[in-house]
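Read through the structure below, which is laid out as structure tokens, and then see the notes.
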Amino acid sequence: MDLILTPHVKTPNGFTLDFYTKQGGYEALRQALAMTPDAVVDIVKASGLRGRGGAGFPTGMKWQFVDKKSPKPKYLCCNADESEPGTFKDHMLMERNPHLLFEGCLIACHAIGAKVAYIYIRGEFFHVQEVLEAELAKARAAGFIGRNILGTGFDCEIYVHRGAGAYEAGEETALIESLEGKRAQPRLKPPFPAVAGLYGCPTAVNNVETLCNVPPIITNGPEWFSALGPEKNGGPKLYCLSGHVKNPGTYEAPMHVTMRELIYDPQYGGGIRGDRKLKAVIPGGSSVPILLPHQLDIPASFDGVASAGSLLGSAGIIVMDETTCMVWAAENLLYFYKHESCGKCTPCREGGAWLHNLLGRIERGEGQMKDIDLLLSVANNIMGKTLCAFGDAAATPVLTTVQLFREEYEAHVRLGRCTLSADWRAASRTLAAH
Amino acid sequence: MWIDDTMSFHPLMDYGRAHHQSSRSMADEGPAFEYTAEALAKLEDICSRYPADQRKSAILAAIYLAQRQQGYISRNAMKAVATAIRCSAADVEDVVSFYTMFYQRPVGRHVIQVCRTLSCALNGAERVTAELQAVLGIAPGQTTADGEFSLFEVECLGACDRAPVVGVNDHWHECQKPEDARALVDGLKAHGAAGLTGCHLHVEKA
Ligand SMILES: Cc1cc2nc3c(=O)[nH]c(=O)nc-3n(C[C@H](O)[C@H](O)[C@H](O)COP(=O)(O)O)c2cc1C
Ligand code: SF4
Ligand code: FES
């Protein structure tokens, strides 16, 4: 398949306005501005585009929910927080194809009646922000952003808003809180952002990759888009491969591609480093259930991965070989969740720390058999009992590793030590995190 | 929870937002702090990106500017942020204490941040931290006595395909091998930020 989102990511200066317009860039904007906002929403709905931020919610429907009758201004927030462990696709899109994102933002603003879009970018992406600001200035000077865009009377501004280090700022209502100058803690829903989001105004929050899919949909039509992938999983998709693969990186493919192809095919991951045996795969960022090696012959689509009992999530595929201790991996992830909990609700704030403590105890060889069931009990008391999906995300690494690798936990308790010592791990546990 | 613009504590009184501020006092701490004229001009430019009654949206930017000027956010700097944003010092403290990129204590000239999350750890990040500890003689969270280096472990930096990733202030150094930890530190000592050549943007240009 021809690459749609990433054809020029390796071309020198492929990120510049000049290059983008030479490839026909901003033509989709011209076409969209000639249509009514409702017509644009209908096309995106017909394409079946599903959000690439994690939940896979239909984008056209989200835009339709934005309350157009409200007298208040409308806003678009582009979610460029990209903090899910194992995920780095938005990073690449913004760095290498920023005008595709701007064009997507402008079309989305037209569709929902917004005059301002904020790109909320995580604070650590400083060099990416510099690229965005420089290219935004060029697009503004060329008349693609600002007043009376392309002579159509459409006014629209795009601003970059820099976060400051908080995973939770990626949750859509926490992102809005953070944009308003507060702690990144989620709000109670309803009201949903489409009714009362940024500054209490109707707001759409969309992921970077989602918005980048909009211009090609306008140019090529919704049928073209949906035909690119399996039913209800249309369009191009970016996959992030990391961990113990030979060729880690971001790869674009339609969602027909299988998990096994992504990990083993030479054009993608190229197999396991050192030709070791594969042990486990987390297919959608750190917070989804593990897939085992025999479960990989499934389409890497939203529905394909769900049918195997996991989730495509952010499509951050973390690959672990046979040298990986699963208790250690769970402990590593629970440190992340303990550290990043926003603290707003008790099960997540307290439970995450308990889980991490218990895992540390078992990993150091100081655990007891009853700790394993205690882990399950604590995790099940977080699962489904928190304000935002972070709680489920924190419980999942524990539940999935105990379920699939319980004998490894028991061996730690029985032998009083970690049972796998990999050459890539530190000799002693003096690190602050553990 | 979000408070509607029209909500006030008594239906007959027009409080407006400003009257909902905490007036808790904050003790002085750190050197006297005043924004430079340049920083204030930059801040006004950033404020203009938000609706006129939503100045608080620029609070992260205001804190970044203060941190750039003084290296960390002292209580005195928080008070200056509050004045510039027209909010209470407690509001500023609330925000500063939430986000990991703001330092409430002085840090070294070079802040080395090793990503410790799973994909980096699977590629040797624990060993990178252990080596840096040995080379610098400090544990994560500490600063060297000469004030040159601080060492932190941080969470996923969003570049896991180039693991292990190390951040140095606002710059990145990727695919860091444990055995090259000394070279990283020596390069920073000799050339400052220019000694960082391990960001993919650098590598591709070279
Ligand atoms: C804890 C948490 C963190 C999230 N982080 C991100 C993120 O970094 N980037 C993102 O696009 N979506 C993230 N999301 C999903 C957003 O809440 C939201 O669903 C998404 O931005 C919607 O965009 P989409 O419909 O285009 O996918 C996160 C959700 C949760 C619960
Ligand atoms: S689940 Fe965790 S991250 Fe989400 S609101 Fe509750 S405490 Fe915050
Ligand atoms: S795990 Fe280190 S950058 Fe993602």
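The values are calculated or read from the model by the stated rules, or taken from the named source; none is laboratory data. Computed from a predicted model, the values in this text were never measured in an experiment. Please note: Cβ atoms are built from the backbone with ideal geometry, for glycine as well, and neighbour counts cover all protein chains shown.
One table, with the values for the structure above:
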quantity: Residue that is within 14 Å of chain B (Cβ to nearest Cβ), among the aromatic types (F, W, Y) and away from ligand 1 (no atom under 16 Å from the Cβ), where the choices are A:F126, A:F144; calculated: A:F126
quantity: Selected residue [more than 11 Å from every other protein chain (Cβ to nearest Cβ), over 22 Å from A:A169 (Cβ atoms) and part of a helix (DSSP H, G or I)] from B:E29, B:E38; calculated: B:E38
quantity: Near pairs, Cβ below 9 angstrom, 6+ apart or cross-chain, from region B:188-205 (on the phi < 0 side of the Ramachandran plot) to any residue that is assigned to a helix (DSSP H, G or I) and modelled with pLDDT under 75; calculated: B:L196/B:H202; B:T197/B:V203
quantity: Every residue from region A:154-168 that is touching a Ser or Thr at 6+ places or on another chain (Cβ under 8 Å) and either within 16 Å of ligand 3 (Cβ to nearest atom) or over 15 Å from A:Y337 (Cβ atoms) (or both); calculated: A:H161, A:G163, A:A164, A:G165, A:A166, A:Y167
quantity: Test result for B:E179, loosely packed, with under 13 Cβ neighbours inside 10 Å and touching a helix residue (DSSP H, G or I) at 6+ places or on another chain (Cβ under 9 Å); calculated: yes
quantity: Selected residue (criterion: nearest to B:F152 (Cα to Cα)) from residues of region A:336-354 that are away from ligand 1 (no atom under 16 Å from the Cβ) and in contact with a helix residue (DSSP H, G or I) (Cβ under 6 Å, 6 or more places away or on another chain); calculated: A:A353
quantity: Some residue of region B:162-174 being part of a loop (DSSP other than H, G, I, E, B), within 14 Å of ligand 3 (Cβ to nearest atom), under 20 Å from A:G316 (Cβ atoms) and more than 10 Å from every other protein chain (Cβ to nearest Cβ); calculated: yes
quantity: Residue that is surrounded by the most Cβ atoms within 10 Å (Cβ to Cβ) [pool: residues in region B:97-132 that are basic (K, R) and facing chain A (nearest Cβ under 7 Å)]; calculated: B:R116
quantity: Residues located in region A:42-56, provided they are of a type in the set (A, V, I, L, M) and within 14 Å of ligand 1 (Cβ to nearest atom); calculated: A:V44, A:L49, A:A55
quantity: Qualifying residue in region A:315-336 (condition: within 16 Å of ligand 2 (Cβ to nearest atom) and either in contact with a Cys (Cβ under 6 Å, 6 or more places away or on another chain) or more than 28 Å from A:R50 (Cβ to Cβ) (or both)); calculated: yes
quantity: Residue check, A:K138 within 14 Å of chain B (Cβ to nearest Cβ) and either at negative phi or within 16 Å of ligand 1 (Cβ to nearest atom) (or both); calculated: no
quantity: B:E93 at pLDDT 95 or above and either assigned to a helix (DSSP H, G or I) or within 13 Å of the chain's Cα centre (by Cα) (or both); calculated: yes
quantity: Only one of A:E133, A:E180 that is acidic (D, E), surrounded by fewer than 18 Cβ atoms within 10 Å (Cβ to Cβ), more than 14 Å from ligand 1 (Cβ to nearest atom) and more than 8 Å from every other protein chain (Cβ to nearest Cβ); calculated: A:E133
quantity: Single unsatisfied condition, A:S83 versus (1) under 21 Å from B:T117 (Cβ atoms); (2) more than 16 Å from ligand 2 (Cβ to nearest atom); (3) not charged (D, E, K, R); calculated: (2)
quantity: Matching option when the condition is in contact with a Cys (Cβ under 7 Å, 6 or more places away or on another chain) and surrounded by fewer than 24 Cβ atoms within 10 Å (Cβ to Cβ), among B:V165, B:V154, B:V185; calculated: B:V154
quantity: Conditions (1) within 14 Å of chain B (Cβ to nearest Cβ); (2) assigned to a helix (DSSP H, G or I): number failed by A:D38; calculated: (1)
quantity: Residues located in region A:146-159, provided they are touching a Phe, Trp or Tyr at 6+ places or on another chain (Cβ under 8 Å), surrounded by fewer than 22 Cβ atoms within 10 Å (Cβ to Cβ) and not polar (S, T, N, Q); calculated: A:L150, A:Y159
quantity: So A:I112, is it more than 13 Å from chain B (Cβ to nearest Cβ), at pLDDT 95 or above, surrounded by 24 or more Cβ atoms within 10 Å (Cβ to Cβ) and over 22 Å from the mean Cα position of the chain (by Cα); calculated: yes
quantity: Those helices (runs of 4 or more DSSP H) lying entirely in region A:320-434 with at least 1 residues over 27 Å from B:V154 (Cβ atoms); calculated: A:369-382, A:390-415
quantity: Residues that are more than 19 Å from B:K56 (Cβ to Cβ), within 13 Å of ligand 1 (Cβ to nearest atom) and not charged (D, E, K, R), drawn from region A:195-214; calculated: A:A204, A:V205, A:N206, A:N207, A:V208, A:T210, A:L211, A:C212, A:N213, A:V214
quantity: Search result, residues across region B:158-172 that are over 18 Å from A:R162 (Cβ atoms) and within 16 Å of ligand 1 (Cβ to nearest atom); calculated: B:C160
quantity: Residues satisfying the stated conditions in region B:188-199, i.e. modelled with pLDDT under 90, assigned to a helix (DSSP H, G or I) and crowded, with 18+ Cβ neighbours inside 10 Å; calculated: B:G195
quantity: Conditions (1) surrounded by fewer than 23 Cβ atoms within 10 Å (Cβ to Cβ); (2) in contact with an Asp or Glu (Cβ under 6 Å, 6 or more places away or on another chain); number of the one not met by A:G143; calculated: (2)
quantity: Count - residues of region A:129-186 that are free of Cβ contacts under 8 Å to residues at least 24 places away in the same chain and aliphatic (A, V, I, L, M); calculated: 3
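Listed here are the residues, each with its yes/no results for (1) more than 16 Å from ligand 2 (Cβ to nearest atom); (2) under 30 Å from B:A32 (Cβ atoms); (3) aliphatic (A, V, I, L, M).
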{"site": "B:I73", "(1), (2), (3)": "yes, yes, yes"}
{"site": "B:T100", "(1), (2), (3)": "no, yes, no"}
{"site": "B:H110", "(1), (2), (3)": "yes, yes, no"}
{"site": "B:Q142", "(1), (2), (3)": "yes, yes, no"}
{"site": "B:G147", "(1), (2), (3)": "yes, yes, no"}
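Yes or no, residue by residue, for (1) within 16 Å of ligand 1 (Cβ to nearest atom); (2) within 14 Å of chain B (Cβ to nearest Cβ); (3) under 22 Å from the mean Cα position of the chain (by Cα):
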{"site": "A:K370", "(1), (2), (3)": "no, no, no"}
{"site": "A:S377", "(1), (2), (3)": "no, no, no"}
{"site": "A:T386", "(1), (2), (3)": "yes, no, yes"}
{"site": "A:Q403", "(1), (2), (3)": "no, no, no"}
{"site": "A:L420", "(1), (2), (3)": "no, yes, no"}
